[in-house]
Each structure stands twice: as C-alpha cells, then as structure tokens.
Amino acid sequence: MPAIITDRFKKEILLSLQQDIDSAANNYYVSVGRPVDWDSADTAPTPSNTIRTIRDAQYNMTAVKNVEAHSFVIPRYTWSLGAIYQGYNDNSTGHPTNSFYVITDENNVYVCLEGGTAATGQSVTSTVKPTGTLTTAFETADGYVWKFLYSVGALRASQFLAANFMPVTKFGLFDSSSPADHVEQVGIQNAAIGGEVVGYQVTGGGSGYTTVPTVTVVGSGTEAKGTATINGGAVTKINVKDSDGAKAHGSLYTYAHVEITGGNGTGATARPIIGPAAGFGADPRDDLKATAMMFTAKPDGDEGSNWVINNDFRQVTLVKNIELPDSDAIFTGVTGNALRRMRFNSAPSAGFSPDKTIQGVSSLAKAYVVKADSAAVWYIQDSDTQFKPFTEGETVTEVDGNGSGILLTAGADGDSYAYLNGDVDPNSGEVMYIDNRAAIQRSADQTEDIKIIIQL
C-alpha cells in the first residue's frame, strides 16, 4: 500500500538524535581515516551498508575529534537578483527548485509568502532584495511578499553555514548573555500568528469577467481577504489584500475555501494557502521543512600529536561512544589517536614511508604505514591486509619499498614492548555515518572544517 513518512516524524527522529548527543552519557566523535589509495585510480567507492564496510571503516581510523556543535540544517538558497522564487505552498513537498525562502548577504532568512506575478498570472523575477527584521509580512516593489524569520549570527555562521546548507533552529528563553540573533528570533517566535491565509492558488480562471469579482474566504478563522486581478476576461491571480490594498492574512484558519462572485463572469475557482498552525516564525524548522542535521568538527594541525599530518585521509565517519583500548570505558577526550604503533630495537636500517605495505618476515602479517619516524611505525590493518599479528623480535620490511627494522621483544615482566595502542580502540563504538571521498592532504598549519550532514 502507498505510504509516506511525514516531515513531522523526521523532525521527531532528529530531535531524539539531538537529545542523545546532548546527553551526558554519550560522546560523539568525527573520525578520519583511509590514508591509502582506494584503487589504482584512487576513485572513492560508494559505501555499502554492510558489516564489513563498517569494520573496515573502524580499522582504517587514524584519529577522532569530538563533535563541537550540531544543528538542524536546510538547503541554502541565497537571494539572487533576477531569480524566480515561488510563494509558500501548503500543497508542495520538500524543497522545490524555485525556493520559497532565501538567505541574503546579510545572513537574514525570509520566507516568500507570495511570489511576484504579472497581470497575466505569470511569475516575474525578484529584483528587490528583502531587508529588515519586521515581525509582519511586507511587500517589495517587485510584487514579492516576504516574512522575516531569523538571522544567522556570526557564531552559527562559522559553525553551520556552508555552500549548500544553512542552519535553522528554534530558540528557548534568553538572558543577558544570549547572542543578539537569539534574542531577535525569540521575538519573532513570540509574534507569530497561527493559521494565516498567506496566498491563493487560482485553479480555474473562468471567463466573461468585465469587472473585478469579489473574493470571500469561508472557514474556521477570521479576517482573511483577497483581491482578484482579471486579464482577458479571466481571473489570473488573487493577492492577499483587502479592497484598500492592505495585507489581510487573517488568523486561526485550519480549513477554508474561496468563493468568487460578481464581475459578470463565471467559472473562476481558487484555493486558499494556509500557513503553519503556530504561525510563520514560531518554529522555522517546520516553516522551512528541516529534515537534516549537521555535525561539525575543526581539527587544527596535529591536535597535540593526535592527528596525522603530512599524509591524507579519504574517509570521514561519525562514531558514538568509542572506547579506550583494552577497556569497556568510554573515551571522553577532546581528540585522540586511533593508530597502533610498532617499535624497533634500534633505528631501522632503512626508513619506512607513509602508505607503504609492510610485512613481517616470519609471521607474514601485513599492514599499511600511516606515519613513521626513526624508532616507530604507526600503522593500520583492514580486510585487505587481514588482521594477522606481527611477531615480537621479527624483521619487518616494506613490500614495495626499502624500509626494514627488527621489532622489540617482550620485557622481563612479559609485557609487550613492541606494540603500543592509540588513545582509542577503533573497533568499538557505534558507527553512525560513513563518507568516502577523494584524498584530503593534511599539514601542520591546516585546520579542516568537517561538516557531516544526516539527511532523512
């Protein structure tokens, strides 16, 4: 049977995720990994939702950093001179090509209640940028009707504003320390008017109209009015205005229909477009159909020697409650190294190089070099290399290079000196998201701005 998952349900799922992230019992991290080429052409494959894919993503981790911030996000549509925007429609799904909202170069967000139209009913381009922070709808000279929703402040812009996405949220109470955009938006939220008629869709123009007919809204609310335009004897558009030209959206409509009478014609029909029950601005996540959440992390250089520099990564994951090595305790640090390290009894006779395959001469165990210095090699193993352990005291060489060294042996107490674990156990926690991409090179003076978007 045909069925859908509603935007409301998607929002509830994301709200539950948000609560999970904010819980003191949980720790979410962004990880990077996969320093080795994908294939001979180094073409990133589409991840498969399989246990093996998840396992390989875990074992390919090189480092983790805590999720620094998260927010609901929506597709970004920046107002552009000459673009066509459509008015809000309660009978449309998702985010249409001609968006019903915009963000301006001032980082103000507006919803388009009525798109500009010619007397013929044809859409016209937007030529006047919406400005201002009024709590009520306003019309620009090009015939577009806009409603201000919120501003994206400097902090939120740095965290969540991206080329294709922008943040959206609902704020709670504020105090003297709250940012200006928080205070401003709460004012808009509180001023919202529920159940407004924000537009009319002409479903039939009729014929024979010589004078402007009367538009009457009949429904559960009050005070909504409309003014018709006729062209060639037909009704071509209806604006949300009274006979004096003032905006007349009314309020408290949960249902309504339109009656068109007079004007000497017949057959014109239209339907009212009713805004959100709580009103535009009460919760912009609902107004703008938010069904995605962004997670951000900004690793800076080597993050205190925890992140690899002078090498690249090709995979980003979101992982929940990764654990300490050889422990069930959850890792709670800000950042951590996920690599194992092998140490040698003396400086290797020939140095090891990143991305090379190494092999134990007696064990035949294999691994990939991630980084190396004069005494140690940091490495990963995955399904391709298998997970066979190296043997203490054996010679390790590069399969496709000159690197060679002899591993340390166990101490008198039996403890292994040849191997050291990283800060986290990569084969732990819950992998929530995997993103394969082209190689990204890292350097000591570089800060990545990693943004993960979960889209329902």
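Please name all residue pairs, on different chains or six or more residues apart, with Cβ atoms under 6 Å, provided the first residue is in the range 88-101 and is in a strand (DSSP E or B) and the second residue is not acidic (D, E).
Listed pairs, sorted by first residue: Y101/V111; Y101/L288.
Which of the numbered conditions does S428 fail, given that it passes all the others? Conditions: (1) more than 39 Å from the chain's Cα centre (by Cα); (2) part of a loop (DSSP other than H, G, I, E, B).
Here S428 meets the rest and fails (1).
Against the conditions (1) among the hydroxyl-bearing types (S, T, Y); (2) closer than 30 Å to Y255 by Cβ; (3) buried (at least 19 other Cβ atoms within 10 Å of the Cβ), where does T97 fall short? Just the number, please.
Looking at each condition in turn, T97 falls short on (3).
Confirm whether G405 is crowded, with 19+ Cβ neighbours inside 10 Å and part of a loop (DSSP other than H, G, I, E, B). Spell out the reasoning first.
Values: crowded, with 19+ Cβ neighbours inside 10 Å: yes; part of a loop (DSSP other than H, G, I, E, B): no.
No, not satisfied.
Name every residue in the range 26-37 that is modelled with pLDDT of 95 or more and surrounded by fewer than 22 Cβ atoms within 10 Å (Cβ to Cβ), in order of residue number.
Result: N26, N27.
What is the residue count in the range 119-143 for residues that are closer than 18 Å to G245 by Cα, at pLDDT 95 or above, part of a loop (DSSP other than H, G, I, E, B) and not hydroxyl-bearing (S, T, Y)?
4
Hey, does the range 240-247 have a residue that's assigned to a strand (DSSP E or B) and of a type outside the set (D, E, K, R)?
Let us first name the residues in the range 240-247 that are assigned to a strand (DSSP E or B), namely 241, 247.
Now restrict to residues that are of a type outside the set (D, E, K, R): none.
Scanning the range 240-247, I find no residue that is assigned to a strand (DSSP E or B) and of a type outside the set (D, E, K, R), so the answer is no.
May I ask you to verify whether K298 is among the charged types (D, E, K, R) and crowded, with 22+ Cβ neighbours inside 10 Å? Break it down stepwise before answering.
Numbers: among the charged types (D, E, K, R): yes; crowded, with 22+ Cβ neighbours inside 10 Å: no.
No: the conditions fail for K298.
Among the residues in the range 52-69, are any under 22 Å from K451 (Cα atoms) and without any contact (Cβ under 8 Å) to a residue 24 or more places away in the chain? Walk me through it before giving the result.
Here is the first cut: in the range 52-69, the residues under 22 Å from K451 (Cα atoms) are 53-54, 56-69.
Imposing the further condition that a residue be without any contact (Cβ under 8 Å) to a residue 24 or more places away in the chain reduces the set to none.
Scanning the range 52-69, I find no residue that is under 22 Å from K451 (Cα atoms) and without any contact (Cβ under 8 Å) to a residue 24 or more places away in the chain, so the answer is no.
Which count do you get for residues in the range 136-148 that are touching a residue at least 40 places away in the same chain (Cβ under 8 Å) and crowded, with 16+ Cβ neighbours inside 10 Å?
From the range 136-148, those touching a residue at least 40 places away in the same chain (Cβ under 8 Å) are 136-137, 139, 144-145, 147-148; that's our starting set.
Adding the requirement that they be crowded, with 16+ Cβ neighbours inside 10 Å leaves 137, 139, 144-145, 147-148.
Number satisfying all stated conditions: 6.
When residues of the range 332-355 are filtered for being crowded, with 19+ Cβ neighbours inside 10 Å and assigned to a loop (DSSP other than H, G, I, E, B), how many remain?
Residues meeting the conditions: 4.
Is it true that some residue in the range 103-116 is at positive phi, within 22 Å of the chain's Cα centre (by Cα) and in a loop (DSSP other than H, G, I, E, B)? Before you say what the answer is, go through the steps one by one.
Start the filter on the range 103-116 by keeping residues that are at positive phi, which leaves 107.
Okay, now just the ones that are also within 22 Å of the chain's Cα centre (by Cα), so 107.
Still in the list and also in a loop (DSSP other than H, G, I, E, B): 107.
Among the residues of the range 103-116, at least one is at positive phi, within 22 Å of the chain's Cα centre (by Cα) and in a loop (DSSP other than H, G, I, E, B), which makes the answer yes.
Would you mind finding the one in T397, T391, T385 that is part of a loop (DSSP other than H, G, I, E, B), β-branched (V, I, T), farther than 30 Å from I330 by Cβ and not assigned by TED's automatic domain parsing to the domain that holds I54?
Working: T397 fails: part of a loop (DSSP other than H, G, I, E, B); T385 fails: farther than 30 Å from I330 by Cβ.
Residue meeting the stated conditions: T391.
Run V369 past the list (1) in a strand (DSSP E or B); (2) within 30 Å of I453 (Cβ to Cβ); (3) free of Cβ contacts under 8 Å to residues at least 40 places away in the same chain and report the number of the one that doesn't hold.
(2) is the only condition that V369 fails.
Can you name the residue in the range 65-87 that is polar (S, T, N, Q) and in a loop (DSSP other than H, G, I, E, B) and, of all such residues, is modelled with the highest pLDDT?
So the first thing to find is which residues in the range 65-87 are polar (S, T, N, Q), and the list is 66, 71, 78, 80, 86.
Among the residues that remain, those that are also in a loop (DSSP other than H, G, I, E, B) are: 80, 86.
Working: S80: 97, Q86: 94.
Looking at residues that are polar (S, T, N, Q) and in a loop (DSSP other than H, G, I, E, B), I get S80.
The values are calculated or read from the model by the stated rules, or taken from the named source; none is laboratory data. Worth saying up front: this structure is predicted, and the values here are computed from it rather than measured. Because the Cβ atoms are built from the backbone with ideal geometry, glycine has one as well, and the counts that use them run over all protein chains shown.
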